[in-house]
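What follows is a single structure, written as structure tokens, with notes after it.
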Amino acid sequence: MTLDELLVRPMLPDDIPAVRALEVDACAHVTHAWSEDNYRSSLTSGYWMQVACQPDGAVVGVCVAMLGVDELHLLNIAVARPWQSRGLARHLLALLITLCREHHLQSIWLEVRPTNARARALYARQGYLDVGLRKQYYPAADGREDALVMKLEVTP
């Protein structure tokens with residue numbers, strides 16, 4: 001199956017169990033993946049939430065972002081293991097740029113664990129730059145982990 005065969009659509013409440021399972025499996029190195037309540041709260045808050053689905057309906061990717069006054073904040077992105085390294089995360093990130101342009105937003109911000117080398121490399125390849133550090137931001141197995149703050153300037 002190819003990326004072109006996937007359907008990207010708004011996330012629905014019924015998607016939450018599948019999205020949660022996808023994230024737990026895809027992000028096994030992370031001790032604290034988003035909970036079902038995190039996803040429910042984000043839906044209730046009206047965040048931009050999209051899932052990528054195979055033709056059979058199986059959810060293979062998720063992307064959650066919050067629109068601000070002049071910027072967009074990427075809150076969460078996860079791709080099922082069989083779909084990793086196949087361009088799905090890049091595709092979801094490209095949708096964020098389109099969203100920014102539609103809403104005249106100037107930048108995309110995100111936090112990423114310093115230990116998540118794959119994600120950091122992906123963001124860097126897409127043009128995101130390191131702009132700061134949030135101390136003790138993420139829960140971790142041995143306490144707390146810092147977050148690297150990255151930013152992408154979006155051209156109109």
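Taking the square roots of five times each eigenvalue of the Cα gyration tensor of segment 3-56, the equivalent ellipsoid has semi-axes of 19, 16, 9 Å, listed largest first.
Between ARG134 and ASP146, the contour length at 0.36 nm per residue exceeds the Cα-Cα span by 3.8 nm. A cut-off under 13 angstrom between Cβ atoms defines the neighbours of LEU129, and their net charge, with Lys, Arg +1 and Asp, Glu -1, is +1. Which log10 I(q)/I(0) values, to two decimals, does segment 3-153 give at q = 0.14, 0.17, 0.20 Å⁻¹ under the Debye formula with one point per Cα? One equal scatterer on each Cα of segment 3-153 leads to -0.67, -1.04, -1.47. Compared with the direct C-alpha span, the chain from ARG90 to VAL24 gains 21.7 nm at full extension, assuming 0.36 nm per residue. For segment 73-156, the calculated P(r), taken from all Cα-Cα distances in 5 Å bins from zero up to the bin holding the longest distance, is 3, 14, 24, 23, 18, 13, 5, 1, 0 percent. Entry note, the chain: relative contact order of 19 percent, from Cα contacts under 8 Å with a spacing of 6+ residues.
Extending 7 Å from the Cα toward the beta-carbon at both ARG9 and ARG81 defines two label points whose distance is 2.7 nm.
None of the figures in this text is laboratory data; all of them are computed from the coordinates on show. Source: prediction; values computed, not measured. Neighbour counts are summed over all protein chains in view; Cβ atoms, including those assigned to glycine, are modelled from backbone coordinates with ideal geometry.
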